[in-house]
Amino acid sequence: MTTLQQVEIDTTQYLDTAFSIGYQLAKKSIWDGNRCNWLGSGVKAANGAWAVVQQTFGPDMYNGTAGIAYFLSLLLDQRDDPIIADTLEGTINQMLSSLDSLEEGHNYAYFGGKLGVADMLISIGKARGKTEWETKGWELLLEICQQDIQEFEIDIIAGVAGAIPVLIKRFTESKHQIIGTAIAKASDFLVEKATKTPNFWSWVSSEAIPATTGYSHGASGMAIALLEMFKLTKNTVYFNGFRMGLNFENSNYNTQLQNWYDLRDTSSGQLSCGDAWCHGAPGIALSRLKAWEITQEDAYRQEAELALNTTHRSIYNSLNNQNLPSNFSICHGLAGNADILLEGGLRLNNPTYKQVAIDVGNYGIEKYAKHGINWPSGVNDPSGGNLGMQETPGLMLGLAGTGYFYLRLATEGKLDSVLLL
């Protein structure tokens, strides 16, 4: 991927910040023999209410040890460091020892299940020269591909929409027929689970929420997975599903707000729009960038720019309004939205978007890193009854993700975005 040369930056401070976060993770790790884990904040349902709790973490990518291992390995790509290397090894050992703790049936989930663990073992094992990790990753991946798909395994976070691009990558690399069969099974499942009308396809990814827009649980994620499958097979059924999915999403576009309605909760009678990777314009921007990249249809580029400009405004509203609670997570925080602007700047060769990401990076250093203040996380009590944004170590909600964002700035986007599978 080419980098933008129009905005000159000193990347040293971003690399230093990323390593500082890596050392913080190493210092706070809790060891048992050759394994390490962390204690941090999370949100759990208890007695019919939400509560922010202190907890250790499972092996998943979203907020568990696989995501932390991903960040630590990226640090080692920049320079060898024995502290980071030891912590990475302890993290991998813990991840391998706790695979059984993943919820039953969460096989095809990249962020929330076994697929993300398998993919990380392959990638990290190859990068670090650890053939035993890589071998275990391939074994786990092939085991997953032979499992049935559960009814709930649909969206980017928890299902086949997140699995399809990852499986395609591994199939292209290995040509293993078991993976190819699983890709076809996953894609046909996504087609089957769509609610179809003459003009729209939509998906219900959870019994708790209706069919919705957005990348992590909504139409964008499913549609782009089908487009990736069309790119591989040229089967027009998948291309039609992609078109119909985006038709559904665009039918819920608000021209005045330049954003897409979040349809998860309509009980109040008032529709609102999200402003994060998981729901709203930022994640939708990534989907349109990918759609434009594959189809070369200018309409998708225009939609991407609309979404990126909305994300741009949301970021500066947060930076300029100290009364707004903001966090540095990559799922639904400033770091994630800035990372999406960085990706948009790279793919569209737009230095303005890159400057937004730089401004967010500098803001974080000035407000948190220089003063030794804890980075606010994406941990948030949905009821509003508990203090949110308390420190947590993971990738999508916590420190590892914040560190990943600073590595992306330090390498000026040479690292692939984890937010766009």
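The values are calculated or read from the model by the stated rules, or taken from the named source; none is laboratory data. Predicted model, so just to flag it, every value in this text is computed and none were measured. When we count neighbours, we look across all protein chains shown, and the Cβ atoms used for this are built from the backbone with ideal geometry, even at glycine. Side chains are part of the model used for accessible areas, which takes the heavy atoms of the whole protein and leaves out ligands, DNA and RNA. Shrake-Rupley method; radii C 1.70, N 1.55, O 1.52, S 1.80 Å.
Only one of the numbered conditions (1) touching a Ser or Thr at 6+ places or on another chain (Cβ under 8 Å); (2) assigned to a helix (DSSP H, G or I); (3) of a type in the set (V, I, T) is not met by I330, and that is (2). Among the residues here, G403 qualifies as open to solvent by less than 10 Å² (accessible area, probe 1.4 Å), within 14 Å of Q24 (Cβ to Cβ) and either within 15 Å of the chain's Cα centre (by Cα) or of a type in the set (S, T, Y) (or both).
Yes or no: segment 286-296 includes at least one residue that is over 18 Å from the mean Cα position of the chain (by Cα) and open to solvent by less than 30 Å² (accessible area, probe 1.4 Å). Looking through segment 286-296, none of the residues is over 18 Å from the mean Cα position of the chain (by Cα) and open to solvent by less than 30 Å² (accessible area, probe 1.4 Å).
Which one of these is farther than 30 Å from L334 by Cβ and open to solvent by less than 20 Å² (accessible area, probe 1.4 Å): G280, G245, G269, G241? Step by step, each of G280, G245, G269, G241 is checked, and only G241 is farther than 30 Å from L334 by Cβ and open to solvent by less than 20 Å² (accessible area, probe 1.4 Å). Would you confirm whether or not segment 118-136 contains a residue that is of a type in the set (D, E, K, R), buried (at least 23 other Cβ atoms within 10 Å of the Cβ), assigned to a helix (DSSP H, G or I) and in contact with a Pro (Cβ under 9 Å, 6 or more places away or on another chain)? No, segment 118-136 has no match at all.
Count of segment 328-383 residues, restricted to those that are open to solvent by 50 Å² or more (accessible area, probe 1.4 Å), closer than 13 Å to F405 by Cβ and among the aliphatic types (A, V, I, L, M), is 0. Screening Q322 against (1) buried (at least 19 other Cβ atoms within 10 Å of the Cβ); (2) within 30 Å of P393 (Cβ to Cβ); (3) free of Cβ contacts under 8 Å to residues at least 60 places away in the same chain leaves a single unmet condition, (1).
In segment 146-165, the residue that is farthest from V117 (Cα to Cα) out of those that are among the hydrophobic types (A, V, I, L, M, F, W, C) and either in contact with a strand residue (DSSP E or B) (Cβ under 7 Å, 6 or more places away or on another chain) or open to solvent by 10 Å² or more (accessible area, probe 1.4 Å) (or both) is F152. For segment 204-217, taking the residues that are more than 14 Å from the chain's Cα centre (by Cα) and surrounded by 24 or more Cβ atoms within 10 Å (Cβ to Cβ), the one that is modelled with the lowest pLDDT is identified as S205.
The set of residues from segment 137-168 being within 17 Å of the chain's Cα centre (by Cα) and assigned to a helix (DSSP H, G or I) comprises V160, A161, G162, A163, I164, P165, V166, L167.
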